[in-house]
1. Please report the relative contact order for the range 77-137, taking Cα pairs under 8 Å with a sequence separation of at least 6, and give it as a percent rounded to a whole number.
2. When a/c is below 1.5 the answer is rounded, else prolate if a/b is larger than b/c, else oblate, so apply that to the range 33-99 with a ≥ b ≥ c taken from the square roots of the Cα gyration tensor eigenvalues.
3. Considering only Leu42, Leu86, Gln57, whose Cα is most displaced toward the positive end of the charge dipole of the range 38-93, charges sitting on Cβ of Lys, Arg (+1) and Asp, Glu (-1)?
4. Using a cut-off of under 13 Å, list every residue of the range 76-107 whose amide N is near the label point 7 Å from the Cα of Val32 along the Cα-to-beta-carbon line.
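None of the figures in this text is laboratory data; all of them are computed from the coordinates on show. Predicted, not measured: the structure shown is a model, and the values here were computed from it. When we count neighbours, we look across all protein chains shown, and the Cβ atoms used for this are built from the backbone with ideal geometry, even at glycine.
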Amino acid sequence: MTETIGNRNEPMVTKEKIQQVAELEDRLKRAVITIGLDYRGLTVAQMRDLRLALRAQEPSMELRVVKNTLLKRAAENCGHAPAADLAVQSTALLLGYEEEINPPKALSKFLRDKRLEITIHGGYLDGALLSPSDVITLATTPSRRELMGLLAGGLSSPLVGIAMVLQDVFREIAAGIEARAKQLEESSAADGQPEESPGADALAAEGDSAAEGDPDATA
């Protein structure tokens, strides 16, 4: 059984293809980066090894062979129209869901280790298309883990210096907030203290005054 999409001039689309488009839409919306590449440069065994290498870098990362027509439809449907330009010839999508540079790094390392060359169509990141050279550049960018390692190792570099300055600024801001909170707490405690009770002499004087002013008071 088939269903139509759009007007009568469009071809009949099976429910299976509708489901595939919906799955692609979901993945494109969730992915922090999408890379398009030509899978014809890889054998079935190499594709399997690449998937394993990707998952070793990031368990949620995946490599999917897609039909160009379905990718274009999915990209349009989910509001990521520029990603349709990744549909070139035989297309496989490399989708990363955690850190943007993980997929380019994992792909670059795999190709380098296996001494393979494949065609990269480009990438899609933050609503913009990436050129093949942009993807390669991302592969050389330090990851968050690597930057933390530099900080922990105390290595000196402009990037580490900036990070350390920012760390000091955040520490000063936190200290200022803590001091202000303590000041407000002390002020609130002072305002909440009960007023000092009047002494016995003051009460006696008040009573005498009241008695003098009361015509019914007994002498």
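1. 35
2. Note, shape of the range 33-99 comes out oblate.
3. Highest projection toward the positive end goes to Leu42.
4. Within reach of a label on Val32, which here means backbone N under 13 Å from a point 7 Å along Cα→Cβ, the range 76-107 contributes 96-105.
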